[in-house]
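Single-structure report; data block below.
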Amino acid sequence: MKTQEDMAGLIHPLAAKYLRTERLPHKACPGCGIGQVVHCTLNVCEDLNLNADNTVWVQGVGCSSRISYTLWKGDNIDAHHGRILTVATGMKMSRPDLNFICFTGDGDCCSIGGNHFLHACRRNLDVTTLMFNNSIYGMTGGQVAPTSPVGAKTPTTPYGNMEDPMDTVNVAIAAGAAYVARWRSTDFKQLTNSIKKGIQTKGFSFIEILVPCPTQYGRYVLGTSNPIEVVQWYKDHTVTLKKSEKMSPEELKGKFLLGEFAHNEDRTGIVERYWDAVKKIQDGRK
Ligand code: SF4
């Protein structure tokens, strides 16, 4: 692993501007896609002028959160496992003027925090959630996750996973999220634009990011820890929404769809309604 001294001169100018460089080098495994998402987010910081005065970073528990925890200049909050959206709810309700950007994993968001995920969508809570989906519990040793495919052999499913994975994008849409998208961590341009759009959208924004995890998902489920082969697997098993329109159900079997699935700003959310009510009550007292 590189030391702080090794990093001298290697730090990207945007990282120097927006990150606590004393937290570098990061702790991701070689070939992990999490750093690519951090890179896209740095571009968004620059484009939207996100800084310590207007943005709060919220992390849960898992690889994505461990890597981004206390990384950003400004306020960083680390929530208990699965409670990221409840913590974000409390903070956003009291400080509606700030941007809240939540970094969570598929286990954190959909399993331990599944209930909170549903209600954040239902309430149309005005925060941006980046869900890093590596389809497995990475940090704790490769256990099966609610996003693991049927048949996946992991340390906790030695005979193969018998459960269907959660269709997170459709759950978010059905529960009422305002903005919903899914990209791979390697889709730099699309992902950067989506994060930007998510922050600018009034309401709950949910962006799922397929993150190659050579160390656990590659090793246990794909049978390879080679990062290039894992990235290639995602290339072979993803298709854009546009392209999917010309494909048969048989051709789409086992493929992740990529793109923007919902962008609906017509519905107000809990933050706006709450502060409207507070204002009315206060005006009534005058
Ligand atoms: S275990 Fe997987 S997701 Fe976690 S840091 Fe390593 S490669 Fe990335």
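Per-structure values
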{"read-out": "Fraction in percent of alpha-carbon pairs per bin - 10 Å, region 28-285", "value": "7, 31, 37, 18, 5, 1, 0"}
{"read-out": "By average C-beta atoms within 10 angstrom, highest first, the peptides 167-180, 19-32", "value": "167-180, 19-32"}
{"read-out": "Signed unit charges on C-beta, dipole axis of the chain, positive-most listed residue Cys45, Ala88, Gly141", "value": "Ala88"}
{"read-out": "Relative intensity, log₁₀ I(q)/I(0), of region 16-122 from a Debye sum that treats every alpha carbon as a point, q = 0.10, 0.13, 0.14, 0.21 Å⁻¹", "value": "-0.27, -0.47, -0.54, -1.18"}
{"read-out": "Mean Kyte hydropathy of 0.5 or more with a Cα span along the axis of at least 20 Å, helices from DSSP in the chain", "value": "34-48"}
{"read-out": "Dipole in debye (nearest 20) - the chain, about Cα centre, beta carbon charges: Lys, Arg +1; Asp, Glu -1", "value": "420"}
{"read-out": "Cut-off 12 Å between beta-carbons: net charge of the residues surrounding Leu241, Lys and Arg +1, Asp and Glu -1", "value": "+3"}
{"read-out": "Contour minus Cα-Cα distance for Asp47 and Glu251 (0.36 nm per residue)", "value": "69.6 nm"}
{"read-out": "CD proxy at 222 nm, helix term only [per DSSP H run n ≥ 4: -39500 (n - 2.57); per residue of the chain; nearest 500]", "value": "-10500 deg cm²/dmol"}
{"read-out": "Charge tally in the Cβ shell below 13 Å around Tyr217, where Lys, Arg are +1 and Asp, Glu are -1, Tyr217 excluded", "value": "0"}
{"read-out": "For region 72-96 versus region 8-28, the gap between their alpha-carbon centres in whole angstrom", "value": "23"}
{"read-out": "Relative contact order of the chain, defined on C-alpha pairs under 8 angstrom at six or more residues apart (%)", "value": "17"}
{"read-out": "Around Gly142: net Lys/Arg minus Asp/Glu count, Cβ-Cβ under 12 Å", "value": "+2"}
{"read-out": "Net lengthening on full extension, Gln232/Thr156 (0.36 nm per residue, minus Cα-Cα)", "value": "24.8 nm"}
{"read-out": "Centre separation in Å (Cα based) which lies between region 223-286 and region 115-140", "value": "11"}
{"read-out": "Sparse-neighbourhood loop sites, chymotrypsin sites (Phe, Trp or Tyr not before Pro) in region 1-87 - DSSP loop, at most 13 other Cβ within 10 angstrom", "value": "none"}
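Each value in this text was obtained by applying a stated rule to the coordinates, not by laboratory testing. Keep in mind that what you see is a predicted model, and the values were worked out from it rather than measured. When we count neighbours, we look across all protein chains shown, and the Cβ atoms used for this are built from the backbone with ideal geometry, even at glycine.
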